[in-house]
Amino acid sequence: MHKRSVICLGKGLFGVALVGLLATPLLAAEVGSVDWSQVPVSKPRLFYPGQSSYEWLRIEDHKKASNEVKGGEACLKCHKGEQKSLGGILVEEGRLEPDPIDGKSGYKRIEVQAAHDAENIYLRVSWESDAEVEGNLGNFIRSEGGEWAFWGNHRQHETVLDEEQPAIYPDRLGIMIGDNSVPLYPEHGCWMTCHDSLVGMPEEADEDEVAEHPVIGKLYEKFGVKNEHVRKFLPGSRDDETSWDTVKAEGDLAALRKKGAFLDLIIWDASLTNPVDYAADFNVLEIKKVDAGDSPLLPNGKMIGGPEYMFDTAKVGYAALTEDDLNDPAKAKHLILGVNTAPYDAGAIEDGGLLPAHVLDPQKASGSAADVQAKGTWEDGTYTVVLSRKLDTGHPDDDIALKVGSIYTFGFSIHDDAAGKRAHQVSFPVTVSIGAGAADIQAVTLK
């Protein structure tokens, strides 16, 4: 298919949490020891879901399948082998896609390999990008007459559609993991977390109402900002399973976590995690949130209110980037404390100069947020990402503990080609066996 030529940068203040340490020996030692040529390749099929949601699966518009879904029938009972045709339909303008993206791919085949030893699980995921360039940049701010403004956005954003801003957004891989403690997740996968009230969905919740909600509005409280958007949540976390604002009492949520009735969500981001060899570690219950601990992803000062850091000219040869620099692979694109940063000096940056809106402090990562090591490469239009995590991280409130002799349900997603929010391809539920017999993906036991 035709590949689009776009600049792929990240947008969103805290949409992806960076977790990791720079040049970690753990990743090199563990992942480097796997001979992937000896590990079988599975090829899950991903497709564009449009605005299909937990709610939509249960209404009559769903090809009269609402009763089957409510009764617990698996999506694949009706749709096995239909991913390509489904994606081709849903990516076009229609009842489940009011705002189609020009040239967006409706289908993607990925390659997945899995291995484990007594302590760790290793995953290798590859896919072909729809773009001609690697989407490995982050959110930028731009100097304009002594002031600063965010620069660039995803392809669906009105400023991009109006050609006021370039299409810039990072490529991402998502891996959702469940141990069958969440009802219907093995049958319906990520649709258990996607609701009509989410961003870009038919009944997107009012930003002011979300910001004032006593639970959902406090998602980013430690950063001093209010959350204005409903994000993934599980029906079991609500008194009314489809109402975003009817969050169960704290004690009830704690009981669900104790039972393991939540989902693990790993997100590798070509911009905000890959530079430091880690993946973001989230969990989903009452809302998609970063695991406990500290992330080294920090705002660059007050961002559009004024940065705190710029590039160290003595180390990289410039204080800020130009638009042309973004296409130069030799130029550093990320501010990493202790590596290439200097205190901001307004006199050193000309109008039009670009600085990352975030700073990475790789020595800060700690706790459950730093459980997943990952490294991705991009070559000839293909991404290959290798991830490593302990089977049991020791963080039962955040992570699904994996055990040898068990089968788990995974879900895969790809954000590609400067697409944001819901403009991704997703898989139906995929079973992964860790020494437990037949499954879609077999994790090879390492000797």
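The values are calculated or read from the model by the stated rules, or taken from the named source; none is laboratory data. Everything numeric in this text was worked out from a predicted model, so none of it was measured. No Cβ is skipped: glycine too gets one built from the backbone with ideal geometry, and neighbour counts run over all protein chains shown.
Let's see how each residue does on (1) assigned to a strand (DSSP E or B); (2) in contact with a Leu (Cβ under 6 Å, 6 or more places away or on another chain):
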position	(1), (2)
Lys232	no, no
Thr242	no, no
Gly251	no, no
Ala254	no, no
Ile266	yes, no
Leu272	no, yes
Asp281	yes, no
Glu286	no, yes
Gly301	no, no
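So how many residues does segment 426-447 have that are touching a residue at least 40 places away in the same chain (Cβ under 8 Å) and farther than 30 Å from Leu253 by Cα?
8
Which of the residues spanning segment 320-331 are part of a loop (DSSP other than H, G, I, E, B) and either polar (S, T, N, Q) or surrounded by fewer than 19 Cβ atoms within 10 Å (Cβ to Cβ) (or both)? Give the derivation first.
From segment 320-331, those part of a loop (DSSP other than H, G, I, E, B) are 320, 322-323, 328-331; that's our starting set.
Selection gives Thr322, Glu323, Asp328, Pro329, Ala330, Lys331.
Among the numbered criteria (1) buried (at least 24 other Cβ atoms within 10 Å of the Cβ); (2) at pLDDT 95 or above, which one does Ser126 miss?
(1)
Inspect segment 212-223 for any residue being under 24 Å from Thr431 (Cβ atoms) and part of a loop (DSSP other than H, G, I, E, B) and give the result as yes or no.
Our first condition is that a residue be under 24 Å from Thr431 (Cβ atoms); within segment 212-223, this holds for none.
No; the residues of segment 212-223 include none that is under 24 Å from Thr431 (Cβ atoms) and part of a loop (DSSP other than H, G, I, E, B).
For segment 19-64, enumerate the residues that are of a type in the set (Gly, Ala, Ser), crowded, with 16+ Cβ neighbours inside 10 Å and at pLDDT below 85.
Answer for segment 19-64, where residues must be of a type in the set (Gly, Ala, Ser), crowded, with 16+ Cβ neighbours inside 10 Å and at pLDDT below 85: just Gly20.
Are any residues in segment 343-379 in contact with a helix residue (DSSP H, G or I) (Cβ under 9 Å, 6 or more places away or on another chain), under 16 Å from Lys302 (Cα atoms) and at pLDDT 95 or above, and if so, which ones?
Matches in segment 343-379: Leu354 only.
Has segment 210-225 got any residue that is aromatic (Phe, Trp, Tyr) and closer than 22 Å to Gly138 by Cβ?
Residues of segment 210-225 that are aromatic (Phe, Trp, Tyr), as a first pass: 220, 223.
Retained after the next criterion (residues that are closer than 22 Å to Gly138 by Cβ): 220, 223.
Yes: segment 210-225 contains one or more residues that are aromatic (Phe, Trp, Tyr) and closer than 22 Å to Gly138 by Cβ.
Can you say whether Trp56 is among the aromatic types (Phe, Trp, Tyr) and either more than 22 Å from Tyr185 (Cβ to Cβ) or without any contact (Cβ under 8 Å) to a residue 12 or more places away in the chain (or both), as far as the supplied structure shows?
Values: among the aromatic types (Phe, Trp, Tyr): yes; either more than 22 Å from Tyr185 (Cβ to Cβ) or without any contact (Cβ under 8 Å) to a residue 12 or more places away in the chain (or both): no.
When the stated conditions are applied, Trp56 does not pass them.
Looking for something part of a loop (DSSP other than H, G, I, E, B), touching a residue at least 60 places away in the same chain (Cβ under 8 Å), touching a Lys or Arg at 6+ places or on another chain (Cβ under 9 Å) and of a type in the set (S, T, N, Q) - is there at least one such residue anywhere in segment 183-196?
yes
Is it the case that Pro307 is on the phi < 0 side of the Ramachandran plot, in contact (Cβ under 8 Å) with a residue 60 or more places away in the chain and either hydroxyl-bearing (Ser, Thr, Tyr) or assigned to a loop (DSSP other than H, G, I, E, B) (or both)? Walk me through how you get there before you give the answer.
On the way: on the phi < 0 side of the Ramachandran plot: yes; in contact (Cβ under 8 Å) with a residue 60 or more places away in the chain: yes; either hydroxyl-bearing (Ser, Thr, Tyr) or assigned to a loop (DSSP other than H, G, I, E, B) (or both): yes.
Here the answer is yes, as Pro307 does meet what is asked.
Give me the residue from segment 65-80 that is of a type in the set (A, V, I, L, M, F, W, C) and without any contact (Cβ under 8 Å) to a residue 24 or more places away in the chain and, out of that set, surrounded by the most Cβ atoms within 10 Å (Cβ to Cβ). Outline the logic, then answer.
So the first thing to find is which residues in segment 65-80 are of a type in the set (A, V, I, L, M, F, W, C), and the list is 65, 69, 74-76, 78.
Checking which are without any contact (Cβ under 8 Å) to a residue 24 or more places away in the chain leaves us with 65, 78.
On the way: Ala65: 19, Cys78: 13.
Among them, the one singled out is Ala65.
Scan (1) more than 28 Å from the chain's Cα centre (by Cα); (2) closer than 30 Å to Phe410 by Cα for the single condition Ala279 breaks and write down its number.
(1)
Over 18 Å from Ala205 (Cβ atoms), without any contact (Cβ under 8 Å) to a residue 12 or more places away in the chain and either surrounded by 13 or more Cβ atoms within 10 Å (Cβ to Cβ) or under 18 Å from the mean Cα position of the chain (by Cα) (or both), is that true of Asp264?
For Asp264, the condition - over 18 Å from Ala205 (Cβ atoms), without any contact (Cβ under 8 Å) to a residue 12 or more places away in the chain and either surrounded by 13 or more Cβ atoms within 10 Å (Cβ to Cβ) or under 18 Å from the mean Cα position of the chain (by Cα) (or both) - is not met.
Residue by residue through segment 70-91, note down the ones that are under 24 Å from Ala423 (Cβ atoms) and not in a loop (DSSP other than H, G, I, E, B).
Selection gives Cys75, Leu76, His79, Gln83, Lys84, Ser85, Leu86, Gly87, Gly88, Ile89, Leu90.
Out of all the residues in segment 148-162, is one or more in contact with a Pro (Cβ under 8 Å, 6 or more places away or on another chain), outside any loop (DSSP other than H, G, I, E, B) and modelled with pLDDT of 95 or more?
Scanning segment 148-162, I find at least one residue that is in contact with a Pro (Cβ under 8 Å, 6 or more places away or on another chain), outside any loop (DSSP other than H, G, I, E, B) and modelled with pLDDT of 95 or more, so the answer is yes.
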